[in-house]
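Any read-out appearing in this document is the output of simple, stated calculations on the displayed coordinates, not a laboratory observation. Please read these numbers as outputs of a predicted model, since none were measured by experiment. Cβ atoms come from the backbone with ideal geometry, glycine included; neighbour counts cover every protein chain shown.
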Amino acid sequence: MHRLRTTVARLGPSVRCVSRPRPARLPGAPRTCESTRRLFGSVSSEPFLNATSSNYVEEMYYAWLENPKNVHKSWDIFFRNANAGVPPGLAYQSPLHLNGMPQGAESAPSLLGAPVNTKKLVADHLAVHTLIRAYQVRGHHIAKLDPLGISCVDFDDAPCAVGFQNVGFYGLAESDLDKVFRLPTTTFIGGGESSLPLREIIRRLELAYCQHIGVEFMFINDVEQCQWIRQKFETPDIMHFNAVEQRTLLGRMIRSTRFEEFLQRKWSSEKRFGLEGCESLIPALKTLIDVSSQRGVENVIMGMPHRGRLNVLANVIRKELEQIFCQFDSKLEAADEGSGDVKYHLGMYHKRKNRVSDKNITLSLMANPSHLEAVDPVVQGKTKAEQFYCGDTEGKRVMSILLHGDAAFAGQGIVYETFHLSDLPSYTTHGTIHVVVNNQIGFTTDPRMARSSPYPTDVARVVNAPIFHVNADDPEAVMYVCKVAAEWRNTFHKDVVVDLVSYRRNGHNEIDEPMFTQPLMYKRIKKQKGVLQQFAEKLIGQGVVSAQEYEEEVANYDKICEDAYARSKDEKILHIKHWLDSPWPDFFNLDGQPKNMKCLSTGIPEEELQHIGNIAASVPMKDFTIHGGLSRILKGRGNMVSQRLCDWALGEYMAFGSLLKEGIHVRLSGQDVERGTFSHRHHVLHDQNVDKRICIPMDYIAPDQAPYTVCNSSLSEYGVLGFELGFAMASPNSLVLWEAQFGDFHNTAQCIIDQFISSGQAKWVRQNAIVLLLPHGMEGMGPEHSSARPERFLQMCNDDRDVFPKLTEDFAMRQLYDCNWIVVYCSNPANYFHVLRRQILLPFRKPLIVFTPKSLLRHPEAKSSFDYMLPGTSFERLIPDVGLVAANPTNVKRIIFCSGKVYYELTRERTNRGLDSDVAIVRIEQLSPFPFDLVKKETERFPNADLVWCQEEHKNQGFYDYVKPRIRTTIQRSRPVLYAGRESAAAPATGNKKTHLMELQRLLDTAFSL
């Protein structure tokens, strides 16, 4: 339409529109005189268009598009000819000659009545709209993302159908490139103009979507979010940086690059998992933090793999350089207890002022093991906890940043599990920024062997997270993308992914030889100019900095490193406490030790037990209709309270309720925990007549109680357990519990258990009070619903089976302090009540593993009197036999040690056999740390009895291999320890009911065969 520019003005005021009502404005039509000028060109020489009739011409044109009969014939001919491609000077026909031979007919006899191809006109506009959409959807396919120019992204050779050469794909011709087309409302490439020539449209789309940034967002099903992203990338010249910003970026690139080069010079033979090839990660992270801080974020929690970790610690978290450098000293001695960890696994916690926002900000980088993505849910859990405790219900003050490697992001299932927690009410952190350091290679594995999707980031599409791919060798593009990502997160509070497409200059680590497996890639890498050199040359060429200023900046940072290196020589002792990622300054003394080594009584007054019990048996909300079956359950609870008894569910209720009353936040999470897998808990009541109306009686314990969180989780163990572990890290004054649907379901969360829970304190001096509730017991339900695999937890306990400890006055407390975790298998509700309360009343924090019952939940004998829960009572590590055997202990022929559910089967069998005065049955409730002192007391009480360990698990499973050597150490191997239980087997349990009962009877026969 730009060909109309000079001709429209010649029509003059003598041409007028036919008399008709003012036509309705077409959707998307321009609304201003300026819009008309842009459409028809400059007409400054004609006052008619400039001053009086711009709206007139504008409306005439759109009226003609609607129906050619809407306008005078002269305009109809003009618009027909112009759209047919006739030059502007020939398209115009004087209205005086319309009934006769028109002027210029000799040279253009076909002009009068040139047919208007309305279908083609509409089709061409639709084709242009489709072309624009193609760029928005697939422009990233041809973006220049790979610094090496050897992109590993595979789109199965499908045509992208964008670019000048592909206009024919949409039914357009090369001659259409100079035609003007109206722009749809779903693009911002006009920059205020409503129409552009096709050539300019394509040029602007190429700049927006096909340069060093590739944007994936059109799968998002929210129009507002899509428009927001379009505006950020399509608006002309939006990616502009002033000289100050460019100089800041250069300074950050210098720090990132020279830090790695310094480490390489000083410790060339040491593994450090450096950042070479993706040095722009450091300014990327700093941009994310700067923008977020400006928008009100006060606390950023980060998790990342090895690569670039030391650089992030030094230049983002601002860990003292001498503390980093001293870790390379092989003579450095450990000052703290435990094993410690390698330097590229450690974390950090630091409060400082952000120079860009001039606001205080807290940064923490979580310690994590070599299981690359295992830290993801831990970071999310800690972020959620920090938001919870500061009242940040929208994620405006606390946020998380997760860094990933490309191979791990695509290959590790925990990434998918963590993404699916992102929008769940009890797990959302209101948006996480994911940064993928895309090496385009795994350890030695090419992408084509490592994933089935084109991009490693495709997993993020499941939660509609926009994905911004960017060439990491373009620091300005990286900086802009990170600015947009931070704004997205702080605007929509949704996840977003930044894919830094880069390369790994060295091998997997600095000692590895990558040429073995990727020779062509690494030949290219050896020729690749470093990103700092490229960027510095660009800014020097633009006159932003001089060569001398650049060299001085480099020299200044090199001196900072050298000075820190000299100071690091004075460090003789390594203090892992300096690397804590979750300090609890108000909980410990200044030296990190407990403020005392005493535990208060875990019992509570009877009136409190009665009050909590009555709440548990009630429906505090008015006009609330509950299920009839639940009415019977609540009535049964009320009867128990009146009899001063509690079952397992009520004992748990007493523990939770009393802690809430004392100001301790309780969080219970897992699959179906609100009701309980075995329909025993019922902490959330549902109105039978009103959808989504619920009642949580635990919220009515006391007016000023702490909050209670009980939440059914997604069908995930790995992700959810990691999340709860992270939540428990934030504060020592909360009881955080994760319950497995069945005990053996922790199998898929084994990584969190092995790498974080059992060894976290030893590696990272990180205490944690996470509680695992694992239903356990041989009930004849088959191999997958029987065993919580206690042997695995006991194998990882750190106490020495061959050393009898020195028995001191505070022996029990000292054992708890020295152990890596506590493992219990309670046999009655009172002990369960006490162990939960003890978890918080201890002056330190340890993980707690509780094997919980299934059939005992309703066993008539598995009830406890309130007498065992009153002040002065506490958790019993071992429960002695106080029955008939206590009358004449020297006549007792056998002591059967056991734990958990099998105790009730043993007592029933003993009575049936008439052996109540001959056989003592002793329950070991706390298996680890092992109660050496109490076991010694029991064996000395029955000096003439032989010793048996009885368990319902198979011999190569369960507790036997842990308990036997410790009992023998206790008695100095003076007597053998016999075994009564199932024989060794590969599966945890049989799936045949008859076989199950036969095995049970056999183990009972063995236990009582005197």
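Express in nm, to one decimal, how much length is gained between Lys396 and Thr445 on full extension, taking 0.36 nm for each residue of separation and deducting their alpha carbon distance. If you can, show how the numbers build up before the last one.
Values: separation 49, 0.36 × 49 = 17.64 nm, distance 3.96 nm.
Difference between extended and current length: 13.7 nm.
With a 10 Å radius around each residue's Cβ, average the other Cβ atoms per peptide and rank 829-841, 800-812, highest first.
Values: 829-841: 24.2, 800-812: 11.8.
Per-residue Cβ counts within 10 Å, averaged per peptide and sorted highest first, yield 829-841, 800-812.
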Would you mind checking Lys382/Lys692; Lys661/Lys964; Lys232/Lys538; Lys351/Lys569; Lys144/Lys359 for any pair whose Cα atoms are more than 31 angstrom apart? Lys661/Lys964; Lys144/Lys359
Taking the mean number of other Cβ atoms within 10 Å as a proxy for protection, how do you rank 318-330, 68-80, 372-384 from highest to lowest? 372-384, 68-80, 318-330
Leaving out same-chain residues fewer than 8 places away, which lysines sit with a Cα under 30 Å from that of Lys73? Lys119, Lys120, Lys179
Which residues in the stretch 940-965 place their backbone N less than 13 Å from a point set 7 Å from the Cα of Ser984 along the Cα-to-Cβ direction? 954-957, 961
Take every Cα pair under 8 Å in the stretch 191-339 that's 6+ residues apart, average their separations, divide by the length, and report that relative contact order as a whole percent. 19 percent
Can you list residues from other chains, or at least 5 along the same chain, whose modelled amide H is less than 5 Å from the amide H of Lys854? His776
When you count, for each residue, the other Cβ atoms within 10 Å and take the mean per peptide, how do 946-957, 552-563 rank with the highest first? 946-957, 552-563
Between Pro475, Cys210, Phe727, whose Cα lies farthest towards the positive end of the dipole of the chain when Lys and Arg beta carbons carry +1 and Asp and Glu beta carbons carry -1, centred on the Cα centre? Cys210
Please order Phe409, Phe723 by the number of other Cβ within 10 Å, starting at the fewest. Phe409, Phe723
Measuring from its Cα centre, the stretch 243-575 shows a charge dipole (+1 at each Lys and Arg Cβ, -1 at each Asp and Glu Cβ) which, in debye to the nearest 20, is 280 debye
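Which value, in debye to the nearest 20, gives the size of the charge dipole of the stretch 882-1007 about its Cα centre, when Lys and Arg are +1 and Asp and Glu are -1 at the Cβ? The partial results should precede the final answer.
Values: 20 positive and 15 negative charges, 27 e Å.
I would put it at about 140 debye.
Looking at the chain, I'd like the Rg to Rh ratio, where Rg is from alpha-carbon atoms and Rh is Kirkwood's inverse mean 1/r.
Details: Rg = 37.1 Å, Rh = 33.5 Å.
Ratio of gyration radius to Kirkwood radius for the chain: 1.11.
Chymotrypsin sites (Phe, Trp or Tyr not before Pro), restricted to the stretch 574-667: which are DSSP loop and have at most 16 other Cβ atoms within 10 Å? If you can, show how the numbers build up before the last one.
On the way: sites: Trp579, Phe587, Phe588, Phe624, Trp648, Tyr653, Phe656; in loops: Phe587, Phe624.
Listed in order of number, the matching sites are Phe587, Phe624.
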If you average the alpha carbon positions of the stretch 604-639 and of the stretch 288-331, how far apart do those two centres end up, in angstrom? 51 Å
DSSP loop trypsin sites (Lys or Arg not before Pro) in the stretch 474-536 with at most 14 other Cβ atoms within 10 Å of their Cβ, which ones? Lys529
Of Thr130, Gly340, Phe262, farthest towards positive along the dipole that unit charges on Lys, Arg, Asp, Glu beta carbons give the chain: Thr130
Expressed in nanometres to one decimal, the distance between label points 7 Å along Cα→Cβ at Asn992 and Leu177 is 8.1 nm
Relative contact order as a percentage, the stretch 119-218, C-alpha pairs under 8 Å and 6+ apart, gives 43 percent
Could you tell me the distance between the Cα centroids of the stretch 987-1010 and the stretch 949-973, to the nearest Å? 18 Å
Put +1 on the Cβ of every Lys and Arg and -1 on every Asp and Glu Cβ in the stretch 509-619; which of Asn589, Ala564, Gln542 then has its Cα farthest towards the positive end of the dipole? Gln542
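Before anything else, pin down the relative contact order of the chain: Cα pairs under 8 Å, at least 6 apart, normalised by residue count, whole percent. Write down the numbers at each step before the final one.
Details: 1853 pairs, mean separation 93.7, N = 1010.
Value for the chain: 9 percent.
Once the other residues with Cβ under 12 Å from the Cβ of Ala374 are scored (Lys, Arg +1; Asp, Glu -1), what is the net sum? If you can, show how the numbers build up before the last one.
Working: positive: none; negative: Glu373, Asp376, Glu417, Asp754.
Value of the local net charge: -4.
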For the pair Ile694 and Glu571, the simple spin-label estimate (label points 7 Å beyond Cα toward Cβ) gives in nm 4.7 nm
The helix 902-913 Cα axis meets the longest alpha-carbon principal axis of the chain at an angle in degrees, between 0 and 90 and rounded to 10, of 30 degrees
Whole-angstrom gap from the stretch 787-809 to the stretch 389-434, using each part's C-alpha centre: 36 Å
Extension gain (nm, one decimal) between Asp946 and Glu861, 0.36 nm per residue minus Cα-Cα: 27.9 nm
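So how strong a dipole does the chain carry about its Cα centre when Lys and Arg Cβ are +1 and Asp and Glu Cβ are -1, to the nearest 20 debye?
Values: 117 positive and 117 negative charges, 253 e Å.
Magnitude of the dipole: close to 1220 debye.
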Could you check the simple spin-label distance between Lys359 and Gln533, using points 7 Å along Cα→Cβ, in nm with one decimal? 4.1 nm
